[in-house]
Amino acid sequence: MSATEPLPGTSDLWEPEVFDWIELENAAREIFHRYGYIEVRTPIIERTEVFTHNLGETTDVVQKEMYAFEDRGGRHLTLRPEGTAGVIRAIANRGLEQGDECRAFYFGPMFRGERPAAGRRRQFHQIGVEAVGNNSPWMDAECIAMLMHFLETVGAGGGRLLINTRGLPEDRPSINAALTEYFTPHISCMCEDCQRRLSTNVSRILDCKNPACQEIINGAPDIASLMGEESRKYFDNVCASLTNLGVAFEVTPRLVRGLDYYVHTVFEVTHAGLGGNDALAGGGRYQITPPGMKGVVEGIGYACGIERLLMVRASNVVKAAGSTDIDVAIVCLGDAAVPEGLKLAQSLRHQLPGLRIKADFSARSMKAQMRTANKVGAKKVLILGENELAQGVVVCKNMADSSQVTVPLTEVATALA
Ligand code: HAM
């Protein structure tokens, strides 16, 4: 490495790429303003306790990845590894009376001493939001819907939204006990990280990506089933509200996320255009105690990696421009199916901007419409007839192997992603 090169996992950014960043920030600003959020810029450097106190002493970020040091005055300082803890400190510093709400967004560099790889950097940049003072499942659903709206608007749609619940702190003892009981007999066959987590943070084992561990994890108890009524009801309301808003999602019982401050809803958007490190954005509801404050601040938020977002945007454009074939053909059988097919096509184009979608309004026979779908190279065909309409489903046929599955209309985008 020459002395003029930037450090591994960091990079110099010049025009014209700088223009992409400015454009992205402006688009984010415009959308977040529409939802009533205001911009905040917090320092890149904070007291170390701002992070250790809230991210969790046993998390990978705190144990292995923080750029923490002592300054000349003996103060323990850290380059921020994420934005939430600092923004909550700033909100507390500004003053938050009981019943007050604050919704803020931010852009900026974050620092984690991870092993650099494609999409994994030591200095990376996030676009994030935090909303505090409104502790309701409807707020969670709106925040997630805003993320999906933003991604779609900037050409980074087409990801999978995975969601789960971590429940309340009072649910943890029974969850941890059940997980410890399940994993203990298997732990000698699991990776070093899992072995360490068995005693330090057992629920994080669920997040392990090691294939050998995965097999064991698949048999673990479902944590939501071990939660109290309040937590399960909260999560049901978030899911119902997302469905109501037309946001497609997948409940993912093993999703726990890497930071300890989460309660209730956690979510991630993954995208196939990213390869191995496929998380484009992540977030959830949290409880944070800013240093020096007695009470907890509860909020919901997320952050999206800017470098990863630009990679997804590029992969969406290449995908759309790479071929003239149709990705999805919609066969509409019968008069009533035509307007539904039109609506489905429009909604899928918004949700999956990388795909070419064509609905057939000719009212011809199934055979004739299938012939056309074949001719235009459709990889998947969605069949919408009277029976499907009545049941709120669609038949999704994979043209490569002729296999077909029936999918609820609300989950078609997820099935195609
Ligand atoms: P996180 O999942 O650690 O969450 O990071 C959010 C996003 O930042 C990831 O989905 C990814 O796009 C990007 N990212 C993380 N690490 C790297 C890296 N080493 N290189 C490149 N990109 C990376 C948080 O940071 C939470 N503060 C999110 C949040 C906000 N939760 C509630 N409010």
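By the scheme Lys and Arg +1, Asp and Glu -1, what is the net charge of all other residues having a beta-carbon under 15 Å from that of residue 368? That works out to +4.
Averaging 1/r over each pair of different alpha-carbon atoms in the chain and inverting the result gives 23.3 Å, the Kirkwood hydrodynamic radius. In plain terms, the residue of 182, 261, 286 with the fewest other Cβ atoms within 10 Å comes first and the most crowded comes last, giving 182, 261, 286. When each of 395, 251 is scored by the number of other beta-carbon atoms lying within 10 Å, the sequence from fewest to most is 251, 395. The residue list 123, 337, 63 was ranked by how far each Cα lies along the charge dipole of the chain toward its positive end, using unit charges on Cβ atoms, and 337 comes out on top. Straight-line cross-link reach from residue 379 at under 22 Å between alpha-carbon atoms covers these lysines, not counting any fewer than eight positions away in the same chain: 319, 343, 358, 367, 397.
When the charge dipole of the chain is built from unit charges on Cβ atoms (+1 for Lys and Arg, -1 for Asp and Glu) and taken about the Cα centre, the candidate among 184, 291, 132 whose Cα reaches farthest toward its positive end is 184.
If each residue of separation counts as 0.36 nm, what is the full-extension length gain between residue 230 and residue 57 once their alpha-carbon separation is subtracted?
Numbers: separation 173, 0.36 × 173 = 62.28 nm, distance 2.74 nm.
Full extension of this stretch gives 59.5 nm more.
Of the peptides 80-89, 330-339, the order by per-residue mean of other Cβ atoms within 10 Å, starting with the highest, comes out as 80-89, 330-339. The H on the amide N of residue 108, modeled in the peptide plane, is under 5 Å from the matching H of 126, each at least 5 residues off or on a different chain. In this rough spin-label picture, where each label sits 7 Å from Cα along the Cβ direction, the residue 101-residue 200 distance is 3.9 nm. Each residue in 294, 379 was given a count of other beta-carbon atoms within 10 angstrom of its own, and listing them fewest first yields 294, 379.
With n ≥ 4 as the cut-off for DSSP H runs, can you work out [θ] at 222 nm for the chain, using -39500 (n - 2.57) per run divided by the number of residues, rounded to the nearest 500? My calculation for the chain gives -11000 deg cm²/dmol from helical runs alone.
Computed from the coordinates by the stated procedures, all read-outs in this text should not be read as laboratory data. Predicted model only: the values in this text are computed from it and were never measured. A quick note on method: Cβ atoms are made from the backbone with ideal geometry, for glycine too, and the neighbour counts reach across all protein chains shown.
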